[in-house]
1. Enter the Cα centre distance for the pair the stretch B:1-77 and the stretch A:44-62, rounded to the nearest angstrom.
2. Determine, at each q value in 0.11, 0.12, 0.15, 0.18 (inverse angstroms), the log₁₀ of I(q)/I(0) that the Debye formula gives when each Cα of chain B is one equal point scatterer.
3. Where a Cα-Cα gap under 16 Å defines reach, which lysines qualify for A:Lys67, not counting those fewer than 8 residues away within the same chain?
4. Over the whole of A:48-54, what's the average partner chain Cβ count within 10 Å per residue? Rounded to a whole number, please.
5. Cα to Cα, under 12 Å, and not fewer than 8 places away if on the same chain: which aspartates and glutamates meet these conditions relative to B:Lys71?
6. What's the average, rounded to a whole number, of partner chain beta-carbon atoms within 10 Å of each residue's beta-carbon in A:85-96?
7. For peptide B:97-107, compute the average count of partner chain beta-carbon atoms within 10 Å of each residue's beta-carbon.
8. Tell me the Kirkwood radius of the protein assembly as shown: reciprocal of the mean inverse pair distance over distinct alpha-carbon atoms, in Å.
Amino acid sequence: QKEVEQNSGPLSVPEGAIASLNCTYSDRGSQSFFWYRQYSGKSPELIMFIYSNGDKEDGRFTAQLNKASQYVSLLIRDSQPSDSATYLCAVGDSGYALNFGKGTSLLVTP
Amino acid sequence: NAGVTQTPKFQVLKTGQSMTLQCAQDMNHNSMYWYRQDPGMGLRLIYYSASEGTTDKGEVPNGYNVSRLNKREFSLRLESAAPSQTSVYFCASSGWRTYEQYFGPGTRLTVT
């Protein structure tokens with residue numbers, strides 16, 4: 001069983017702060033890593049993907065990957081109330097299927 | 001581009017009834033997927049189609065069948081609905097040799 005673990009939260013951060021979301025995975029053969037944002041009652045929206053060790057930045061979002069520690073994280077800088085959502089971590093191996101974590105609920109308070 | 005579309009948005013079935021959930025994408029993607037999402041369980045893969053003409057079982061295929069009608073369309077059929085199939089169903093697609101999946105808006109299904 002390929003496990004993807006996330007803290008369910010809620011993670012509460014004040015507006016303007018950095019939100020740090022974490023994810024660990026069990027399959028050492030994993031090759032692709034994704035972060036999805038899901039607002040209540042809506043579908044998952046892809047916001048970041050990373051394939052290599054290190055950091056990848058896109059606007060206010062930074063994805064960090066450490067394959068040796070089997071750890072991937074998402075940093076959201078200058079958090080806004082509109083960032084309040086559930087963030088899903090997804091991990092893929094060399095095939096097509098992704099394994100999803102159960103998500104971390106983020107609440108950004110004004 | 002509409003991306004990934006799904007019909008219907010909502011459906012209520014009685015136990016034992018059958019129905020087909022429709023999914024279409026206009027992104028010229030090769031691979032398509034069906035997931036269900038339940039509270040506390042996360043997203044679980046039901047079936048996927050790596051390319052036109054192929055389908056494979058995911059984590060939770062029992063009680064479902066799929067058809068890859070053409071490159072654009074991938075349908076999910078419940079032959080005899082059960083209350084345990086009450087869920088939100090999402091279709092997704094991804095391109096050739098890329099693994100980023102893009103999701104449709106979902107179908108909320110209730111089986112009574």
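1. One Cα centre to the other: 27 Å.
2. Computed log10 I(q)/I(0) values: -0.30, -0.36, -0.57, -0.82.
3. Within the straight-line cut-off, A:Lys67 pairs with A:Lys2, A:Lys56.
4. On the way: counts 1, 4, 0, 1, 0, 0, 0.
Partner-chain Cβ atoms within 10 Å, mean over residues of A:48-54: 1.
5. B:Asp26, B:Glu52
6. Details: counts 0, 0, 0, 3, 1, 5, 0, 4, 1, 1, 4, 14.
Taking all residues of A:85-96 together, the mean is 3.
7. 5
8. Final number for the Kirkwood radius of the protein assembly as shown is 18.0 Å.
Computed from the coordinates by the stated procedures, all read-outs in this text should not be read as laboratory data. Just so it is clear, the structure is predicted and the values come from calculations on it, not from any experiment. With ideal geometry, Cβ positions are generated from the backbone for all residues, glycine too; neighbour counts draw on all protein chains shown.
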